Amino acid sequence: MNKHRPRFWLLFFSCTLILQGATPYVHASPLGVYHSHENAGNKIALTFDDGPHPRYTMEILSVLQEYDIRATFFFVGENVLYYADTARAVAQAGHEIGNHTYSHARPDKLDRADLDRELRQCEEIIQRVTDTSPKLFRPPQGNWNSNVYALARERDYDIILWNIDTLDWAHTPSEEICTHVLERICSGDIILMHDYHSNGCTTLTALRTLIPQLIERGFHFVTVSELIGSV
């Protein structure tokens, strides 16, 4: 269990916002909820949700390998079960794997038993297939509340959100994705992308443009765990 203990007022404030339907913006706090993590090293984190996918995840891996970049993939347990070879390839390439629930269920709509099952089943299949133990949890669609928070912390997970949404899930043209990111990027940012989305996805095309431009600007790509542990 994480040794950090939140101050009561901060926990109360965050839970109040949640109950009001808002997600509190927290950088690196003892709550273990992260949208970003400011640091002096110009470090940023690429994250990919909803995989693995047998074609698109492998294409993303190829681009990341070309630039010697490590990223964080938040896997859906069912997809790991179906595409175990792809999941293993991600782990073997040195990327970080996080828990994105077993069935991509919306966690804030689940009771405690069902949410625990979603987390546990995803965790177990990731461990069995990739021989790694996820310690990061990204709630699908970023939906979480005090119950999700409590169970995630009980299972020793940090909750990882983001502060730059590329909107690739909305089939945003790659040129717009690049402009959106490049206009907003700062040290410590967590960038949300997806391995794949129904009816096609522009993630791969955007990556091929974004990565060299971000490197040219002096940014360093790290995993989320490396980012939130940096100063």
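Quick check: from the Cα gyration tensor, does the chain come out rounded (a/c under 1.5), prolate or oblate?
Working: a/c = 1.59, a/b = 1.21, b/c = 1.32.
Verdict is oblate for the chain.
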Per-residue Cβ neighbour rank within 10 angstrom, fewest leading, ASP108, ASP49 = ASP108, ASP49
request  = Apply the Karplus parameterisation 6.51 cos²θ - 1.76 cosθ + 1.60, with θ equal to phi minus 60°, to every residue of the range 112-120 and state each ³J(HN,Hα) to the nearest whole Hz, in sequence, with x for glycine and proline.
outcome  = 4, 5, 5, 5, 4, 5, 4, 5, 5
note = Plugging the Cβ-Cβ distance of LYS109 and GLU216 into 1/(1 + (r/R0)^6) at R0 = 41 Å yields, to the nearest 0.05, a FRET efficiency of 0.45
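Under 8 Å for C-alpha pairs, at least 6 residues apart: give me the relative contact order for the range 91-231, rounded to a whole percent. Can you show the working numbers first?
On the way: 152 pairs, mean separation 28.0, N = 141.
Across the range 91-231, relative contact order equals 20 percent.
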query = Gain in length, ASP116 to ARG128, computed as 0.36 nm per residue apart minus the alpha-carbon separation, to one decimal in nm?
reply = 2.5 nm
message = Could you tell me the center-to-center distance, by alpha carbons, between the range 86-105 and the range 217-231 in angstrom?
response = 19
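First measure r as the distance between the Cβ atoms of SER62 and ASN145, then evaluate 1/(1 + (r/R0)^6) with R0 = 41 Å and state the FRET efficiency to the nearest 0.05.
Numbers: r = 38 Å, r/R0 = 0.92.
Taking R0 as 41 Å, the efficiency between SER62 and ASN145 is 0.60.
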ask   = Distance in nm between label sites at THR209 and ALA93, each 7 Å beyond Cα in the beta-carbon direction?
value = 2.1
request  = Would you kindly state the longest site-free stretch of the chain, with sites defined as trypsin sites (Lys or Arg not before Pro) in a DSSP loop (not H, G, I, E, B) surrounded by at most 13 other Cβ atoms within 10 Å?
outcome  = 56-216
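List the longest stretch of the chain that has no exposed loop site; here a site is one of the chymotrypsin sites (Phe, Trp or Tyr not before Pro) assigned by DSSP to anything other than H, G, I, E or B, with at most 15 other Cβ within 10 Å. List each step's numbers first, then the result.
On the way: sites that count: TYR25, TYR67.
So the longest stretch without any such site is 68-231.
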task = List the residues whose amide H sits under 5 Å from the amide H of HIS220, counting only those 5 or more places along or on another chain, with H placed 1.01 Å from N in the peptide plane.
result = LYS43, ILE44
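Taken together, the values in this text are just the output of simple stated rules run on the coordinates, not laboratory data. The structure displayed is predicted, hence computed values, not measured ones. Don't worry about glycine lacking a Cβ; one is built from the backbone with ideal geometry, like all the others, and counts go over all protein chains shown.
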